[in-house]
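The values are calculated or read from the model by the stated rules, or taken from the named source; none is laboratory data. Just so it is clear, the model here is predicted, and its values are computed rather than measured. Here the Cβ is made from the backbone with ideal geometry for all residues, glycine too, and neighbour counts use every protein chain on show.
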């Protein structure tokens, strides 16, 4: 797995329980793990319950500039995980978030920046089981389903990254809506699973990549502790 020069970015949203029309979004980005353990983070506020990110390209540019400051060079690849998006919003996300980011990256890197945008969906009804003798049990963490039940015409997969002590484990659905990083889907799947090991508030794997879990935690703390004051 080529981690050299990789920047992983996660974006998560938390809704203010005191004001349903207000949400807090947070973006967290990693630096090169060989050089720096620092993170770049930013929070943004939405009104009217909207979860679409405005000026996300500006936040990405600042994250890349911080990466260069910390590491000494721009990231060679950027993999962006976006939580909180439903299927009905995909085309809007492409116009509102993906295209502006690519435009900004093209100004920095030139044509064809090595960038991937992956939508995360935890609210899936899909369930998978492993047959063991005469019983059906939960699949092991790290199980990936990327054919048969995935959507035709998409680069998508289900990942079971966490262990549950009881009940049926719920997979997480990943939809790669843009990818020209040079990483094929198998490497993206492996990278995604590896990132699920790195959430340091928990002793095991988590359901989504740690960088996205960190973003959701930051958004939650901003909403709860700072009353949305950013």
> If you take the residues in segment 90-121 that are touching a strand residue (DSSP E or B) at 6+ places or on another chain (Cβ under 8 Å) and more than 26 Å from residue 171 (Cβ to Cβ), which one is modelled with the lowest pLDDT?
Replying inline: 113
>> Just to check your reading of the model, which residue among 89, 45 is surrounded by fewer than 20 Cβ atoms within 10 Å (Cβ to Cβ) and part of a helix (DSSP H, G or I)?
In response: 89
> For the subset of segment 172-207 comprising residues that are exposed (fewer than 13 other Cβ atoms within 10 Å of the Cβ) and in contact with a strand residue (DSSP E or B) (Cβ under 8 Å, 6 or more places away or on another chain), which member is modelled with the lowest pLDDT?
Replying inline: 182
>> Among the residues of segment 208-219, are any modelled with pLDDT of 95 or more, in a loop (DSSP other than H, G, I, E, B) and crowded, with 17+ Cβ neighbours inside 10 Å?
In response: yes
> Of the residues 169, 164, which single one is in contact with a strand residue (DSSP E or B) (Cβ under 8 Å, 6 or more places away or on another chain), free of Cβ contacts under 8 Å to residues at least 60 places away in the same chain and in a loop (DSSP other than H, G, I, E, B)?
Replying inline: 169
>> So for segment 49-65 (the condition being touching a residue at least 60 places away in the same chain (Cβ under 8 Å) and either in contact with a helix residue (DSSP H, G or I) (Cβ under 7 Å, 6 or more places away or on another chain) or surrounded by 14 or more Cβ atoms within 10 Å (Cβ to Cβ) (or both)), does at least one residue qualify?
In response: no
>> Of everything in segment 66-86, what is surrounded by fewer than 17 Cβ atoms within 10 Å (Cβ to Cβ), part of a loop (DSSP other than H, G, I, E, B) and either modelled with pLDDT of 90 or more or more than 15 Å from the chain's Cα centre (by Cα) (or both)? Give them in sequence order.
In response: 72, 73, 74, 76
>> Among the residues that make up segment 137-153, is at least one of them at pLDDT below 95 and in a strand (DSSP E or B)?
In response: yes
>> For the structure I just gave you, tell me whether residue 106 is farther than 22 Å from residue 189 by Cβ and assigned to a helix (DSSP H, G or I).
In response: yes
